[in-house]
Amino acid sequence: MLRPWYACEYAKWCETPFAEFQMRSWVPGIKGIGRSVKCEAGVIAAAKKMVSPFSVEEQVCGTKIEGERSGRGFWRAVGFLAMAAVPVRRGVYSWEDESVPAYPEVLVHGARFAAPRGFLEEVMRRGREKKERERRRVIGRAGGRSHDREVCFDNARAAFLRWKWGGVVSGELVQEFEAAMRDVRAKMDKFPLDDIWLNFGFRMPEYSGKVFFPVGYQDERVDDEDADLPSWAIARAGIAGEEVTGTIIKHYSPGEIGDLQSLGPGRKVVLWQDEDKMEVQVYDVSEMFPDGWDPDAREAFTASGPRGRMLCPNLENDILSQVLSREPLGQAMLRRQAEDVRINDGNEGRPNWIALGVEVFDITNLHLSPDLHALQHILSRTRNPVEAIDAGFHPDLILSALLPYKIGWLRDEVSGPRRRDRVFTPSEVEWFAARETGMYVVINGSVYDFTGYYDMHPGGASLISQLAGRDATEAWRQAHGHGGSVSGVDVRAALEELRIGRVVLEQPPTEPLSSSQIRIRDCVFGRENIKPEQTQALNDLGPYWGTDCTPHLEAQNPHWVLTKLWDTRDFIVAKIASAPEEFPMTQQTLREFDGKETDLGFREAYVSDGTFIYNMTTFIRYTHPSPLTSSLLTRAGKTLTSSPPDTELRTWLQTSCRHRIIAQHDHRHPNPGTGNPRWKTDVQRVPRAPAPGHFPKVIKAAKVEMTWARALQGDAASPGPKSDVRPTQAPPKMRARGGGTGDLGGAVGNGRVEELVLPLLNEKPQSVDGDVVMEDVQPDGWTVVGKKGRRRTRKRR
């Protein structure tokens, strides 16, 4: 039975990645919980199907797939990201599948068996050979590497942004994938080795029913005002075209405005909005406050507003005229309506706006560098960034080119359901200190993701930049300890929206486990984090307490108890610190990581203090240029000397960058016969424009059969999956009150009407703690005993 939705709702659901039931079913397998070669082969096989029709080393940008469902692009990104977490193999490796049983020796000659005497022996011999062939497997690629981590990661980001800009987007999927992508990038920087697994923590959230269509998505089936006219014809009737000027107006984000309105010295600005205008002007008042302003002066001169501090209208007329008579610095970024983006198409004197996901840009006076003229032509002509990606332009290149033209956003991407069970150590949080790597902040033991809130912080973006990767508990108490905000924001509710996990202690590798702990890889699980009602978990884990279960989970067929434990992050009480001495790096290898750019990208930048080697790549690339970053770049691939500048730099590394230690400096000569680590030498990709004369490759997607939704909508709906996909929310339930029985809608024993509970689209599935529910893992991880002692068991996978 299909879900109880209207056809239009089902058609909307079919456009999302949730409709790809087969892809969704592969999520538990591609996480790589087991680390055996059998598990590795399974992850690779599933990932290759996800990225199809691409290969794992083929560039996504520059290829157009016609007729493909929107959700497939998202799963392509998941597949590439899963491949980035799998070990890179050089050559072919043979292994045996222990799950293939031996050939049964059950055939014997009967008294009336008419075949020749050696027939059964031949049958059994061939059967044994067939089983032996099934047992022997190979993995890897002959004469080369299985894949390139950096290429896979770059393709994952490109495929994800292509889906985010041109697909039907679900907010919970965006947040989950972006967090998983940042985590994989941090692991690649912390453990830059080819022959190790990286944790891939992506989980499939439940479908909340709230989706966003890209601007320009034509849905003529629904029109609330007039079924005979499309929405653009109705909207344009009351809007007059305005003459477009030839100047580029600078637009300031709320974070930039907050920096320019902070207390103390420096440049100061105020906002002003005319009654008959939609735009908010930004004026420079630094001359009126040469020494900056204090709280009293700011309060007397300005008033709090939703976009920043506005010029107080009660000031004297001569002061108002003094400020407003000047040329404004620019305008404030505002929240835009999707209909405004559709209307402002550059025709009949209107400006030309486009949307890249939630970000809105005014490309009316777009002027790009000569090597990006093709990009300028595509965007001005089609207003579709997906067309530019298909033409070979990387999404990051498009974003950087359009950044000066940003004028606002369509919706808030920060709020909404998200996972909150991630676990970090303080040193792991320190890797997330830049906008490109993610900006995580620790407050009162919890970890908050400020990446998307960086530009929106009313108190200024620079404050978030200073606190990113650190413990900001004291700074939070000083600024918002009273629970209020000068901008009128409910800071406690806003902060809770950003919470993604918690901080645990970092435990030395040599510290013994207690009788109430279990270790799996770098995680220590404790009995104290198991809730009293989770009695089944205590019983199932009984034989494993006080032991290191990592070898058990590396087996081809690990016990389900250990796989479930690994996926239950709430039980983690500590993490094991990595030991640099386990990863020696020779001077010859160090020289390869000099941070220089190549035709494809840039090499990573490692610096040695003589004892340890530090990965300074993200600090050099994503920190504002300074003498420190220049000094680090000149010493990349080298060992610091005893000179005064190097001594000062060594002290700074040893005190501020301990989390960036990735290896121990091995000063011995390399010995080819020893098992040295295989360091990742792939360059990180730098987005570049396609070569002149490049033509996109066009692939036609496989044809999908007609679904009932398409038939009802006159073939207007997008094709859904071939199988009968069930709702991802809880199934319908019949609640009988008073112990009676009856038909649907009939009276029951006590005269009350039986209640039919359906999975409504506006219902967000919540866990017991009010967080987003993940589809492939239960919120509590194990069986839970109900309030009345009834045990609600869940099927073990």
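Values in this text are rule-based calculations from the coordinates and carry no lab data. Computed from a predicted model, the values in this text were never measured in an experiment. As a convention, Cβ positions derive from the backbone with ideal geometry for all residues, glycine included, and neighbour counts pool all protein chains shown.
Sorted by packing (mean other beta-carbon atoms within 10 Å per residue), highest first, where do 631-640, 501-510 land?
Listed from highest to lowest mean packing, they are 631-640, 501-510.
Write down, largest first, the equivalent ellipsoid semi-axes of the range 584-676 in whole Å, where each equals the square root of 5 times an eigenvalue of the alpha-carbon gyration tensor.
On the way: eigenvalues 93, 59, 25 Å².
Three semi-axes, in Å: 22, 17, 11.
Give, in nm to one decimal, the length gained when the segment between HIS559 and LEU107 is fully stretched (0.36 nm per residue of separation minus the Cα-Cα distance).
Length difference between fully extended and current span is 159.3 nm.
Which pairs break 20 Å Cα to Cα here: LYS64/LYS700; LYS12/LYS210; LYS49/LYS187? Walk me through the numbers before you get to the answer.
Details: LYS64/LYS700 8 Å; LYS12/LYS210 10 Å; LYS49/LYS187 24 Å.
In this structure, LYS49/LYS187 lie more than 20 Å apart at Cα.
For the residues ARG420, ARG435, what sequence is obtained by ranking on other C-beta atoms within 10 Å, fewest first?
By the 10 Å Cβ count, ascending: ARG435, ARG420.
Write out the GluC sites (Glu not before Pro) in the range 1-104 meeting two conditions: DSSP loop, and at most 12 other Cβ atoms within 10 Å of their Cβ.
Values: sites: GLU9, GLU15, GLU20, GLU40, GLU57, GLU58, GLU66, GLU68, GLU96, GLU98; in loops: GLU15, GLU20, GLU57, GLU58, GLU68, GLU98.
Of the GluC sites (Glu not before Pro), the ones in loops of the range 1-104 whose Cβ has at most 12 other Cβ atoms within 10 Å are GLU98.
R0 = 41 Å: FRET efficiency of SER643 with GLN466, Cβ-based, nearest 0.05?
Numbers: r = 30 Å, r/R0 = 0.74.
It comes to 0.85.
For every other residue with a beta carbon closer than 13 angstrom to the beta carbon of ALA691, add +1 if it is Lys or Arg and -1 if Asp or Glu, then tell me the sum. Working shown, then result.
Values: positive: ARG688; negative: ASP371, ASP599.
Result for the neighbourhood of ALA691: -1.
So if each residue of separation counts as 0.36 nm, and I subtract the Cα-Cα distance between ASP345 and VAL686, what length gain in nm does that give?
The ASP345-VAL686 span can extend by a further 119.6 nm.
Give the order of SER578, SER94 when sorted by the count of other beta carbons within 10 angstrom, beginning with the fewest.
SER94, SER578
Using a Förster distance of 45 Å, how high is the FRET efficiency between ARG678 and GLU129, based on the Cβ-Cβ distance and rounded to 0.05? Mind dumping the intermediate values first?
Values: r = 36 Å, r/R0 = 0.79.
E between ARG678 and GLU129, to the nearest 0.05, is 0.80.
Taking 0.36 nm per residue of separation and subtracting the Cα-Cα distance, what length does fully extending HIS482 through PHE119 add?
Numbers: separation 363, 0.36 × 363 = 130.68 nm, distance 8.87 nm.
Full extension from HIS482 to PHE119 adds 121.8 nm.
Under a crude label model (7 Å from the Cα following the beta-carbon direction), how far is SER94 from GLN654 in nanometres?
Label at SER94, label at GLN654, 5.1 nm between them.
Give me the compactness ratio for the range 7-212, meaning the Cα radius of gyration over 2.2 N^0.38 Å.
Taking N as the residue count of the range 7-212, the ratio is 1.33.
Just to confirm my numbers, what's the Cα centroid distance between the range 610-684 and the range 111-134 in Å?
Using only Cα atoms, the two centres lie 63 Å from each other.
Based on a Kirkwood Rh over C-alpha pairs, give the Stokes-Einstein translational diffusion coefficient of the range 426-503 at 4 °C and viscosity 1.567 mPa s in µm²/s.
D = 105 µm²/s.
With Kirkwood's inverse mean 1/r over C-alpha pairs for Rh, give me the Rg to Rh ratio of the range 254-332, two decimals please.
My calculation of the ratio gives 0.92.
Which FRET efficiency value, to the nearest 0.05, do you get for SER369 and LEU324 by plugging their Cβ-Cβ distance into 1/(1 + (r/R0)^6) with R0 = 30 Å?
After rounding, the FRET efficiency stands at 0.25.
Grab the other residues whose beta carbon is less than 11 angstrom from that of GLY266, score K and R as +1, D and E as -1, and report the net.
Details: positive: ARG267, LYS268; negative: ASP259, ASP291.
Cβ neighbours under 11 Å give a net charge of 0.
Exposure proxy check: LEU173, LEU513, LEU271 ranked by fewest other beta carbons within 10 Å?
By the 10 Å Cβ count, ascending: LEU513, LEU271, LEU173.
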